[in-house]
Amino acid sequence: MLIRTSQGWKGKGFLGALVILITFGALAFASGSHQAFNIAYAVVIDGEEIGLVQDQAEVHMALGEIEKCAAAECGLEVELASAPVIQCRHLSEDESAQAAFLSAEELRDRLSENVILTAPAVAIIVDGVTAVGVPDEKTAAN
């Protein structure tokens, strides 16, 4: 609050305290006394964390590679039955320095062990029991 006196405008109480508080806050922030955080991403499948990555795009690339390899192996279009959950984590500088991030190969290996892939197929049933699955109805008819 400003009060006009015969000598001019003068600050009273709250305004002076606010200026001092802002000044000390700016100095504390500039001196680096604030806590810095780094972002990491936890990869979770069926409630179990399988590791940390630095960029969630790594997970999407690894899943794409897994689908592509599986499709090449079986000759069918495959898709994920359930995708992993990617959880954002804020790590302090100390936590970040100690974190063990997965390499692209480790991530791909852990994902391929834990994800379920599906492919469209037609089942041939004999006496109420699935005998075999084939890619389409034409193949089943032959």
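Which of the residues spanning region 116-131 are among the hydrophobic types (A, V, I, L, M, F, W, C) and under 29 Å from Gly64 (Cβ atoms)? Passing the criteria: Ile116, Leu117, Ala119, Ala121, Val122, Ala123. Scanning region 21-44 for residues that are at pLDDT 75 or above and either under 23 Å from Gln98 (Cα atoms) or in a loop (DSSP other than H, G, I, E, B) (or both) yields Asn38, Ile39, Ala40, Tyr41, Ala42, Val43, Val44.
The values are calculated or read from the model by the stated rules, or taken from the named source; none is laboratory data. Keep in mind the model is a prediction, meaning the values are calculated, not measured. Positions of Cβ are backbone-derived with ideal geometry, glycine not excepted, and every protein chain shown enters the neighbour counts.
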